[in-house]
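Input: a single structure, listed below in structure tokens.
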Amino acid sequence: MRSIVGVMVLGLVMGCGGASDQPPVQAPPAPAPPAPVVDTTPAPTATVAPPAPKPSMAEMQMAALKTMTANMNDAAKVAALYAPDAVMWMPGFPESKGREAIQKGYQDWLAMMSNMQSVNTRSWAKGNVIAVEWVTTAT
């Protein structure tokens, strides 16, 4: 019985790989290190504030009228408010075409009076047209 048990044990050992010609089982290779993580977030961009809204034609004309009123006694400063090819006409005076003609016409108008003061009393604006009522006092 001992020999039968010894043969069975020997058979089990050989059947399970105990005395076989197969090479021993090796441990699996270590996993490769993970690839470096590439940052795909976009680089921060400088935030630029949107440009200020462009003033309307009426707003620009009102600002020019306020400047004109403040500089009523300086023909050069008043003429500088007009475009180079502007046309100006005031009742009772000939039409002035161009900034230089406007300055000369305004200077002639100023020469007729002294101590001039003016104030805008009312104004109306629609689109690119503006109408202004003003009061002027002079000697």
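The values are calculated or read from the model by the stated rules, or taken from the named source; none is laboratory data. Everything quoted here is computed from the prediction, not taken from an experiment. Please note: Cβ atoms are built from the backbone with ideal geometry, for glycine as well, and neighbour counts cover all protein chains shown. All accessible areas refer to the heavy atoms of the entire protein, side chains included, with ligands and DNA or RNA removed. Shrake-Rupley method; radii C 1.70, N 1.55, O 1.52, S 1.80 Å.
Worth a mention:
- Just one of (1) free of Cβ contacts under 8 Å to residues at least 40 places away in the same chain; (2) loosely packed, with under 15 Cβ neighbours inside 10 Å; (3) not in a loop (DSSP other than H, G, I, E, B) fails for Ala35. It is (3).
- For the condition surrounded by 12 or more Cβ atoms within 10 Å (Cβ to Cβ) and assigned to a helix (DSSP H, G or I), Met72 does not qualify.
- Residue in the stretch 1-11 that is part of a helix (DSSP H, G or I), open to solvent by less than 100 Å² (accessible area, probe 1.4 Å), modelled with pLDDT of 50 or more and within 30 Å of Ser118 (Cα to Cα) present: no
- Residue that is of a type outside the set (Gly, Ala, Ser), within 32 Å of the chain's Cα centre (by Cα) and open to solvent by 80 Å² or more (accessible area, probe 1.4 Å), where the choices are Glu95, Glu100, Glu59: Glu59
- Pairing each residue of the stretch 55-76 that is of a type in the set (Val, Ile, Thr) with any residue that is open to solvent by 60 Å² or more (accessible area, probe 1.4 Å), provided the two are 6+ apart or on different chains, yields C-beta distances under 8 Å for Thr67/Lys77; Thr67/Leu81; Thr69/Val119; Thr69/Trp134.
- Any hit, the stretch 81-92, residues being open to solvent by 80 Å² or more (accessible area, probe 1.4 Å), among the hydrophobic types (A, V, I, L, M, F, W, C) and in a strand (DSSP E or B): yes
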